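Below is one structure, written out as structure tokens; comments come after it.
The values are calculated or read from the model by the stated rules, or taken from the named source; none is laboratory data. Just so you know, these numbers come straight off a predicted model, no measurement behind them. Here the Cβ is made from the backbone with ideal geometry for all residues, glycine too, and neighbour counts use every protein chain on show. Surface accessibility is based on the protein's heavy atoms, side chains included, excluding ligands, DNA and RNA. Shrake-Rupley method; radii C 1.70, N 1.55, O 1.52, S 1.80 Å.
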Amino acid sequence: RRRDIIAQTWTEDGSYLDAHREGAGHAAIDALIAGAQQQFPGYRVRLSSGIEAHHGRVRFSWSAGGTEQAPLFIGGTDFAELAADGRLRAVTGFIDAMPSLA
């Protein structure tokens, strides 16, 4: 099911990049999502801002955690480039809030 959603929302050569992960293509994006879900079980990503868009680019902020099931709060902002068909071509993610490692 996840692979079908990726195909609907990302171009075949779509890419994702943040400070800890990067990948291009549907298989790599699928693996990145699977790895994040394994690393952070019980976490759900929520949109925490509006989506600002212009000239084929978008920006939005998100958050995860801060709940009893997922106690560590993480927040970030992603910037994306859209393809002509509206699917994601490239996403660059930035972490805005994260617990420090003791």
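Suppose we keep only residues that are under 15 Å from ALA80 (Cβ atoms) and out of contact with any helix residue (DSSP H, G or I) (no Cβ under 8 Å at 6 or more places or on another chain) within segment 23-34. Which one would you say is surrounded by the fewest Cβ atoms within 10 Å (Cβ to Cβ)?
ALA24
Looking at (1) open to solvent by 30 Å² or more (accessible area, probe 1.4 Å); (2) not in a strand (DSSP E or B), which is the one condition that is false for ALA70?
(1)
So that you can scan it fast, the table gives a plain yes or no per residue for (1) within 19 Å of ALA97 (Cβ to Cβ); (2) assigned to a helix (DSSP H, G or I); (3) at pLDDT 95 or above; (4) open to solvent by 60 Å² or more (accessible area, probe 1.4 Å):
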site: ARG3; (1), (2), (3), (4): no, yes, yes, yes
site: GLU12; (1), (2), (3), (4): no, no, yes, yes
site: SER15; (1), (2), (3), (4): no, no, yes, no
site: ALA19; (1), (2), (3), (4): yes, no, no, yes
site: GLN37; (1), (2), (3), (4): no, yes, no, yes
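Based on this model, can you work out whether PRO41 counts as out of contact with any Leu (no Cβ under 9 Å at 6 or more places or on another chain), modelled with pLDDT under 95, assigned to a loop (DSSP other than H, G, I, E, B) and surrounded by fewer than 17 Cβ atoms within 10 Å (Cβ to Cβ)?
yes
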